[in-house]
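Asks: First the structure, which I've put down as structure tokens, then a few questions once you've had a look.
Nothing in this text is a laboratory measurement; each read-out follows from the coordinates by a stated rule. Just so it is clear, the model here is predicted, and its values are computed rather than measured. Positions of Cβ are backbone-derived with ideal geometry, glycine not excepted, and every protein chain shown enters the neighbour counts.
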């Protein structure tokens, strides 16, 4: 597990511009009081952003993730453990922040067990 923790730390140091933008939005309970962590090791994966309280994982994706079977398997692994995954394209995070914020707020406001 220490290898995964080291990898997560490296990801925190080397965040993309979209990840930095999203982190600025959700860090320090800035987003509707919800606590988020970034680059969280979870089993064989590292979640970009995680709100444990609502069991919500938020991913910031570039074009390499388009129709990715690895992402589908990853989402299924998270879902099997009771987590929902919300994905945003980097482009949307950088250029449509209000839409991203509204979508994120709706996901956080919904019942995670539904």
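Asks: Using the Kirkwood formula over every pair of different C-alpha atoms, what hydrodynamic radius in Å results for segment 2-106? Don't jump to the answer; show the numbers that get you there.
Replies: Details: mean 1/r = 0.0713 Å⁻¹.
Averaging 1/r across every pair of different Cα atoms and inverting gives 14.0 Å.
Asks: Using the per-residue mean of other Cβ atoms lying within 10 Å as a proxy for protection, in what order, highest first, do the peptides 46-54, 74-82 fall?
Replies: On the way: 46-54: 19.4, 74-82: 13.8.
Ranking, from highest mean packing down: 46-54, 74-82.
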